[in-house]
Amino acid sequence: MLRVRLLIAFLIGLLFGETFAQNLEVEIDISDTISCNCVGYANLNIINGSGSYSFIWSDGAENQNVTNMCSGVYSVTVSDLVLIEDTIIDFSIVDTCVKIGFVQNDSVTSWNCNGYITAIPEGGQPPYSFLWSSGETTQNIDDLCPGEYCVSVYDFDGHISVACGEVENFIDTSCSADFFWMPAGSASCYETCFQFFNQSAGNDYNLTWSFGDSVFATSETPIFSFTNYGTPTVCLTIETSTCIDSTCMIIPVDSCNIQLDTIVGHVSVFGDCNGFVYLSYQNATQPVDLQWSNGSQDQNLTNLCAGTYCVTLTDAFACKDSVCVEVVQPQDTNCQAAFEINRVALKDFEFVDVSPSSNIVSWDWNFGDNSSSAVQNPVHTYSNLGDYQACLIIETETGCVDTACENIHIDTCLLSLNTNYQHVSCHGMCDGTVMLIPVNGEAPYVYEWQSPGSYSNQNLHSQLCAGTYQATVTDSYFCTATSVVYIDQPDSLVVTSVETPASCQGICNGTIDLNVSGGTPPYAYYVFELDDYVQNPIENLCPGHYSLMVSDNNLCAVMGAVSIEMPPVEMIFDNIDVDDISCWLGCDGAVHISVAGGSTPYAYLWSNGETTTGIDSLCFNQYNYNVTVTYDNGCFIDTTIIVSQPPPINVSLSKQDLSCYEICNGTA
């Protein structure tokens, strides 16, 4: 290709004279240093040549002059009309900017200047020197209070950059001031004495009390006497090495002048408890303490029965006042008798008075068998079976009388059984239980089990395997009841698995999919190698052996081992054969590769789009050639191959013109 260009140049020189065949020369003007931004430039000056120039820059530009150039190494090739070339190779543009970063400690308080800041220069030409706004000339400065600090950094070539960093104030919230107070009245200091109690949060702090009249204290629970009535402000301040906090309260200091007022609501119906007392007060200093004669500490009382109720109020200054009120009820005009019957044996019954009326003074029971009683809650034994009517007559202190009656049926053998049972928790285990509960029988009871085991006289049958269990219970009247219970068990816990190996060497994407049946859902899955419970399916597994435990909701468990297989042998480039380009700017280069391992078929993809094992007719490519080989499960390897070319052949020409007209003695 170079010989063709030279021949064209020679012919043009013969036809048009030697001016078209002058040597091409290029001069360049560049900004060899820039600062922080891409503002470099390169300007070309063309000398000789034949015009119509073309320009190829190493960064892809095609203009004669290039601007906005960043730091780096550049080259440019210039060609003229007759394809004469000149190349300027490897000129540099250097960024002299010094960038400054900071590392600082913000754990600083305004009263504890222990911060530091370090300048981290980058770029320019080391070594660096430093000058801080505070006068220091080291890279690091310390013992700093919160604030802004600026530094000038000089590199070896004298370039300078200035930046500022800030050490911030550290706000420590690990301490919190808090306190409460209460009157501390005594005979000599009744209304103006108060005790204060520190309840601040934090450790190793110093505390200071301020009582609003230039008096201070440092104890945990100081007692202070104010000299005047009013509303002084008391403040508590706590301070640690890194934290300070304060809180204040207004303290009411006043003389006693409490006034109590009440509104009374009386009982509406005799015997009810729907009365109330609403209390209001004036001239009392919070907090106040209320003590009622019925034990209540509420301000208002509701649901009151008839009676007298007194209250004493004590305020924050220990001032006191008391008042008593009476809640009355109307005369009793109605009463009601009621009772419940509890059978305690075959013929024994307990009668319980549940009459809603109050102030009952007498109970008259008639059991329907010519027997009676005058106690409130009697127990009566009937001699014979049959039907009876029991009645209760009550009388209140107001003379109100009422009667209630209930029918009683006494029959033989009312014994029945309730059963509580628990099935077997895991297949094949024997942990079932049955408990018998006799109802309407007469103790003691005899239990007879028609099942294996020595449980002849127990109501609890435990450690049972799955099966049918029958028991007969006999009470003291020889009444019997029978119960049959089936103890079930869950199906066997069965686990199968499907393993998927890792797809490629070095990739942990194997899976184990567990299929669980039987037992009692839900199931839990534990992998011993992972030391953790996992979800099913188990994913992202590397090749290897895994021990698994599957448990159900009853903690029944089975264990097993599963293996994640290794993927096929890793694929490698077995051979890479490169034929470099034979001549400058030629296109006869070639690359052929072979691979081994993995699993066939292989798929090839070159950076020029080819899909074969080799590519031919390659020109010089400054970005080289890349090939990716993929085998059937998606695994792949890739590499970049350099195809080189020899340097260009440089030819210089000299000539000797003809000595005489038409004498052919010229040379070239």
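Within segment 627-641, take every residue that is over 26 Å from residue 579 (Cβ atoms) and modelled with pLDDT of 75 or more and give me the one that is surrounded by the fewest Cβ atoms within 10 Å (Cβ to Cβ). Taking the candidates together, the pick is 631. Assigned by TED's automatic domain parsing to the domain that holds residue 318 and either under 43 Å from the mean Cα position of the chain (by Cα) or over 30 Å from residue 335 (Cβ atoms) (or both): does that describe residue 195? Here the answer is no, as residue 195 does not meet what is asked. So, residue 102, is that one surrounded by fewer than 16 Cβ atoms within 10 Å (Cβ to Cβ), outside any loop (DSSP other than H, G, I, E, B) and at pLDDT 85 or above or not? In short, no. With the condition kept exactly as written, say whether any residue in segment 412-429 is on the phi > 0 side of the Ramachandran plot and in a strand (DSSP E or B). Looking for residues that are on the phi > 0 side of the Ramachandran plot and in a strand (DSSP E or B), one finds none in segment 412-429, hence no. The condition of being exposed (fewer than 14 other Cβ atoms within 10 Å of the Cβ) and either in a strand (DSSP E or B) or not aliphatic (A, V, I, L, M) (or both) holds for only one of 496, 433, that being 496. In segment 132-162, the residue that is modelled with the highest pLDDT out of those that are assigned to a loop (DSSP other than H, G, I, E, B), of a type in the set (S, T, N, Q) and over 12 Å from residue 118 (Cβ atoms) is 137. Would you check if residue 624 is loosely packed, with under 11 Cβ neighbours inside 10 Å, at pLDDT 70 or above and out of contact with any Cys (no Cβ under 7 Å at 6 or more places or on another chain)? When the stated conditions are applied, residue 624 does not pass them.
Would a scan of segment 21-43 turn up a residue that is closer than 19 Å to residue 91 by Cβ, surrounded by fewer than 17 Cβ atoms within 10 Å (Cβ to Cβ) and modelled with pLDDT of 80 or more? Scanning segment 21-43 turns up at least one residue that is closer than 19 Å to residue 91 by Cβ, surrounded by fewer than 17 Cβ atoms within 10 Å (Cβ to Cβ) and modelled with pLDDT of 80 or more.
Exactly one residue among 654, 644 is more than 30 Å from residue 509 (Cβ to Cβ) and either assigned by TED's automatic domain parsing to the domain that holds residue 500 or surrounded by 10 or more Cβ atoms within 10 Å (Cβ to Cβ) (or both), and that residue is 644. Just a yes or no: is a residue in segment 586-601 within 23 Å of residue 59 (Cα to Cα), modelled with pLDDT under 85 and exposed (fewer than 13 other Cβ atoms within 10 Å of the Cβ)? Taking every residue of segment 586-601 in turn, none turns out to be within 23 Å of residue 59 (Cα to Cα), modelled with pLDDT under 85 and exposed (fewer than 13 other Cβ atoms within 10 Å of the Cβ).
Residue 277 falls short on exactly one of the conditions (1) part of a strand (DSSP E or B); (2) surrounded by fewer than 18 Cβ atoms within 10 Å (Cβ to Cβ); (3) not aromatic (Phe, Trp, Tyr), and that condition is (2). Out of curiosity, is residue 212 touching a residue at least 40 places away in the same chain (Cβ under 8 Å), of a type in the set (Gly, Ala, Ser) and in a loop (DSSP other than H, G, I, E, B)? Spelling it out, it is not the case that residue 212 is touching a residue at least 40 places away in the same chain (Cβ under 8 Å), of a type in the set (Gly, Ala, Ser) and in a loop (DSSP other than H, G, I, E, B). In segment 171-178, is there at least one residue being assigned to a loop (DSSP other than H, G, I, E, B), modelled with pLDDT of 85 or more and either under 30 Å from residue 201 (Cβ atoms) or of a type in the set (Phe, Trp, Tyr) (or both)? Among the residues of segment 171-178, at least one is assigned to a loop (DSSP other than H, G, I, E, B), modelled with pLDDT of 85 or more and either under 30 Å from residue 201 (Cβ atoms) or of a type in the set (Phe, Trp, Tyr) (or both), which makes the answer yes. Is it true that some residue in segment 608-625 is assigned to a strand (DSSP E or B), over 24 Å from residue 58 (Cα atoms), of a type in the set (Val, Ile, Thr) and touching a Ser or Thr at 6+ places or on another chain (Cβ under 8 Å)? No, because not a single residue in segment 608-625 is assigned to a strand (DSSP E or B), over 24 Å from residue 58 (Cα atoms), of a type in the set (Val, Ile, Thr) and touching a Ser or Thr at 6+ places or on another chain (Cβ under 8 Å).
With respect to the conditions (1) of a type in the set (Asp, Glu); (2) over 30 Å from residue 289 (Cβ atoms); (3) modelled with pLDDT of 75 or more, residue 95 lacks only one, and its number is (3). Please verify whether segment 432-450 includes one or more residues that are hydroxyl-bearing (Ser, Thr, Tyr), within 49 Å of the chain's Cα centre (by Cα) and farther than 30 Å from residue 571 by Cβ. Checked segment 432-450: at least one residue is hydroxyl-bearing (Ser, Thr, Tyr), within 49 Å of the chain's Cα centre (by Cα) and farther than 30 Å from residue 571 by Cβ.
Answer yes or no as to whether residue 441 is loosely packed, with under 13 Cβ neighbours inside 10 Å, out of contact with any Pro (no Cβ under 8 Å at 6 or more places or on another chain) and small (Gly, Ala, Ser). No; evaluated as a whole, the condition is false for this residue.
Just one residue in the set 578, 516, 485 is in contact with a His (Cβ under 9 Å, 6 or more places away or on another chain), over 30 Å from residue 600 (Cβ atoms), of a type outside the set (Asp, Glu) and part of a strand (DSSP E or B); that residue is 485. When residues in segment 221-237 are screened for being modelled with pLDDT under 90 and of a type in the set (A, V, I, L, M, F, W, C), 3 of them pass. The criterion of being among the acidic types (Asp, Glu) and at pLDDT 75 or above does not hold for residue 85. Quick check, is residue 18 more than 22 Å from residue 159 (Cα to Cα), at pLDDT below 70 and surrounded by fewer than 12 Cβ atoms within 10 Å (Cβ to Cβ)? For residue 18, the condition - more than 22 Å from residue 159 (Cα to Cα), at pLDDT below 70 and surrounded by fewer than 12 Cβ atoms within 10 Å (Cβ to Cβ) - is met. In segment 363-374 there is no residue matching the filter, namely being without any contact (Cβ under 8 Å) to a residue 60 or more places away in the chain, in a strand (DSSP E or B) and under 24 Å from residue 477 (Cα atoms).
Among the residues in segment 582-602, are any farther than 30 Å from residue 87 by Cβ and in contact with a Leu (Cβ under 9 Å, 6 or more places away or on another chain)? Scanning segment 582-602 turns up no residue that is farther than 30 Å from residue 87 by Cβ and in contact with a Leu (Cβ under 9 Å, 6 or more places away or on another chain). The criterion of being in contact with a strand residue (DSSP E or B) (Cβ under 9 Å, 6 or more places away or on another chain), β-branched (Val, Ile, Thr) and assigned to a loop (DSSP other than H, G, I, E, B) holds for residue 267.
The values are calculated or read from the model by the stated rules, or taken from the named source; none is laboratory data. Quick caveat: nothing in here was measured; it's all calculated off a predicted structure. Cβ atoms come from the backbone with ideal geometry, glycine included; neighbour counts cover every protein chain shown.
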